[in-house]
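Structure record follows, encoded as structure tokens.
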Amino acid sequence: GIVVPSNTRLNGNGATIKSGISSGTYTPTIALTSVSNVIIQNLKVDGNKAAFASSEFKHGLSMRTCTDILLQNCTFTANNGDGIAIAGDNVSTWSERITLENVSCTYNNRNGLSVMACKTLRVLHGSYSFSQGTLPQAGIDIEPNNPTDWIQDLVFTDVLMTNNASTGF
């Protein structure tokens, strides 16, 4: 997958990245791991889920222990896991100060957006819809996995969650 370093601005300028990853159960199309100050704009990620066996993994974008991240005007579609997954390290950290603005996560195999560990998340506008395949099949799922996973100060404004196989939120 694509690994994005700290202090990066990636402007897709309307381009589409189509996943061709054929190995690695947990390999997302885009990975942000322990990075800060990243902006990703105007990009579409097509997870190409028809090319893979059904899974809850192979996210469009996986974010672990990140700070100060902005996703703006992006689409994550047809990913074999979540469109976007936001987490910590499953021990004692989390992601912090994350903004998703005008982001669309549609037709993903698990959830549009999964939040496992995050402090200060802003989800502004956008759509998290048509999730179907592997449980829980929600538009947005808040799902801390461990007692040390912080979920704090999450705000959702003008967000559409519709036509998911189980629930919107």
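The values are calculated or read from the model by the stated rules, or taken from the named source; none is laboratory data. In this text, all values refer to a predicted model and were calculated from it rather than measured experimentally. Positions of Cβ are backbone-derived with ideal geometry, glycine not excepted, and every protein chain shown enters the neighbour counts. Just the protein is used for accessible areas: all its heavy atoms, side chains included, with ligands, DNA and RNA removed. Shrake-Rupley method; radii C 1.70, N 1.55, O 1.52, S 1.80 Å.
Mind checking which aspartates and glutamates have their C-alpha under 18 Å from residue 119, skipping anything on the same chain fewer than 8 residues away?
Partners within reach: 68, 89, 96, 101, 141, 143, 149, 153.
Residue 157: net charge of surrounding residues, Cβ under 14 Å, Lys/Arg +1, Asp/Glu -1, itself excluded?
-2
List the lysines whose Cα lies under 29 Å from the Cα of residue 49, skipping any in the same chain that are fewer than 8 positions away.
18, 58
Suppose every K and R has +1 on its Cβ and every D and E has -1 on its Cβ; what is the size of the dipole of segment 35-169 about the Cα centre, in Debye to the nearest 20?
For segment 35-169, the charge dipole is close to 240 debye.
Just want to confirm a number: the relative contact order over segment 12-66, from Cα pairs under 8 angstrom separated by 6+ residues, in percent.
So the answer I get is 51 percent.
Where Lys and Arg each count +1 and Asp and Glu each count -1, what net charge lies around residue 133 among other residues with Cβ under 12 Å from its Cβ?
+1
Over the chain, average the accessible area per residue using a 1.4 Å probe and give it in Å², no decimals.
Heavy-atom SASA per residue in the chain reads 44 Å².
Once the dipole of segment 42-97 is set up with Lys and Arg at +1 and Asp and Glu at -1 on Cβ about the Cα centre, which of 51, 86, 66 lies farthest towards its positive end?
The Cα lying farthest towards the positive end belongs to 51.
Test of understanding: extend the Cα→C-beta vector of residue 158 to 7 Å, then name every residue of segment 55-93 with backbone N under 17 Å from that spot.
Zone members listed by number: 71-74.
I need the phi-derived Karplus couplings for segment 56-61: 6.51 cos²θ - 1.76 cosθ + 1.60, θ = phi - 60°, integer Hz, Gly and Pro marked x.
Taking θ as phi minus 60°, the curve returns 9, 10, 6, 5, x, 9 Hz for segment 56-61.
Given an 8 Å cut-off on Cα distances and at least 6 residues of separation, report the relative contact order of segment 78-131 as a percent.
45
Quick one: net charge of residue 50's neighbours, Cβ under 14 Å, K/R +1, D/E -1?
Value of the local net charge: +2.
Quick one: accessible surface of residue 55, probe radius 1.4 Å, all protein chains present, in square angstrom to the nearest 10.
Estimated to the nearest 10 Å², residue 55 gives 20 Å².
Dividing the convex hull volume of the Cα atoms of the chain by its residue count, what figure in Å³ per residue is obtained?
92
Students often get this wrong: which residues of segment 87-107 have the backbone nitrogen under 20 Å from the point 7 angstrom along Cα-to-C-beta of residue 150?
87-100
Treating only the Cβ atoms of Lys and Arg (+1) and Asp and Glu (-1) as charged, compute the dipole magnitude of segment 1-106 about its Cα centre; round to the nearest 20 debye.
So the dipole magnitude of segment 1-106 works out to roughly 260 debye.
Rounded to the nearest 20 debye, what is the charge dipole size of segment 51-131 about its Cα centre when +1 sits on each Lys and Arg Cβ and -1 on each Asp and Glu Cβ?
Roughly 40 debye, rounded to the nearest 20.
Would you mind computing, in nm to one decimal, how far apart the modelled labels at residue 8 and residue 166 are, each placed 7 Å from Cα along Cα→Cβ?
Distance between label points: 3.2 nm.
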